[in-house]
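The structure appears right after this line, and notes come after that.
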Amino acid sequence: MTTAVDTAPGYRPGRTLPLRVEALRQWRRRRTLVMGGVLAALPFVMIIAFAVGGGRDGGRGGADGRVTLIDTATSSGANFTATCLFVSAGFLLVVPVALFCGDTVASEASWSSLRYLLASPVPRARLLWSKLVVALGFSLAAMVLLPVVALVAGTAAYGWGPLKLPTGGALAAGEAVPRLALVVAFVFVSQLVTAGLAFWLSTRTDAPLGAVGGAVGLTIVGNVLDAVTALGSWREFLPAHWQFAWADALQPQLEWGGMVKGAAVSVSYAVVLFALAFRGFARKDIVS
């Protein structure tokens, strides 16, 4: 027996809820603009903090002689960008990922508009696919925005020069930019776990804050567990254990080992979580 959907002229399930429409809807949300503003403002806040705190350090290091990325932050625009990534990768960049991926479906349910989207009719898999792709796209844009603004602002404040490495030596500015791009790529891949967790929770609850907060909270729990050294080698199965493996990209000789392991762990968890989201949503009774 055919349905109205089967016989409706011009109906193509794959053309419902186009990505550009969903992207425009998400772009107009206030939380998108606020998050973009926060990320773009962070480099300027740090420049002010370094100025108030005493200006250039020049990479001299602390009292024990050890040099960190913070110590070399004002050496060049590239160093400043690396420092911004270092201070934000552990938590700040988790927030936009959890926000964009955790709010996307749950917000529709909280507005009681989810059932109307499905009645359009938009197939459930198509709806989730559009929302997931747009959410990941905005998450990537957030991670790119921060280092781009930091590089421009840092170059204006501290000049264009080589990237001084905490381990000694330096990378020419032309080589440092691709290395920083690799860092951003790894940070994005490492956050796919948070994206998968937030997206799965978004399909399970009608409360956007519950999905976002749950993803951020469980990410923090992962960081706490990674700090428990008694777990030994079991910590290697935690995505948080590899979150700073990108530091291997800021070495005189590029090291891939830690980043490959971290990416494999993150992608594995993310695939499972995304699959659970699609499977659960396909069977869910939509009443909102």
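The values are calculated or read from the model by the stated rules, or taken from the named source; none is laboratory data. Note that the structure is predicted; figures quoted are calculated from it, not measured. Glycine also receives a Cβ, built like all others from the backbone with ideal geometry; neighbour counts cover every protein chain displayed. These accessible areas exclude ligands, DNA and RNA; they are computed on the full protein's heavy atoms, side chains included. Shrake-Rupley method; radii C 1.70, N 1.55, O 1.52, S 1.80 Å.
Quick look at the numbers
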| item | result |
| --- | --- |
| Number of positions in the stretch 159-178 that are open to solvent by 40 Å² or more (accessible area, probe 1.4 Å), under 14 Å from GLN253 (Cα atoms) and either in contact with a helix residue (DSSP H, G or I) (Cβ under 8 Å, 6 or more places away or on another chain) or in contact (Cβ under 8 Å) with a residue 24 or more places away in the chain (or both) | 4 |
| Single residue of LEU165, LEU192, LEU250, LEU151 found to be on the phi < 0 side of the Ramachandran plot and under 18 Å from the mean Cα position of the chain (by Cα) | LEU192 |
| Elements of type helices (runs of 4 or more DSSP H) contained in the stretch 108-223, each with 2 or more residues being farther than 26 Å from SER266 by Cα and touching a strand residue (DSSP E or B) at 6+ places or on another chain (Cβ under 9 Å) | 173-190 |
| Lone qualifier among ALA142, ALA150, ALA156, ALA135 - being of a type in the set (A, V, I, L, M, F, W, C) and surrounded by fewer than 18 Cβ atoms within 10 Å (Cβ to Cβ) | ALA156 |
| Flag if SER266 is touching an Asp or Glu at 6+ places or on another chain (Cβ under 9 Å), more than 26 Å from LYS164 (Cα to Cα), buried (at least 17 other Cβ atoms within 10 Å of the Cβ) and modelled with pLDDT of 90 or more | no |
| Any pair with Cβ under 7 angstrom, 6 or more apart, that starts in the stretch 247-275 at a residue that is under 24 Å from ALA172 (Cβ atoms) and ends at one that is modelled with pLDDT under 90 and among the hydroxyl-bearing types (Ser, Thr, Tyr) | GLN251/THR167 |
| Every residue from the stretch 74-101 that is more than 12 Å from the chain's Cα centre (by Cα) and open to solvent by less than 10 Å² (accessible area, probe 1.4 Å) | THR74, SER76, GLY77, ALA78, ASN79, PHE80, THR81, ALA82, THR83, CYS84 |
| Selection from the stretch 190-228 of residues that are open to solvent by less than 50 Å² (accessible area, probe 1.4 Å) and β-branched (Val, Ile, Thr) | VAL193, THR194, THR203, THR205, VAL212, VAL216, THR219 |
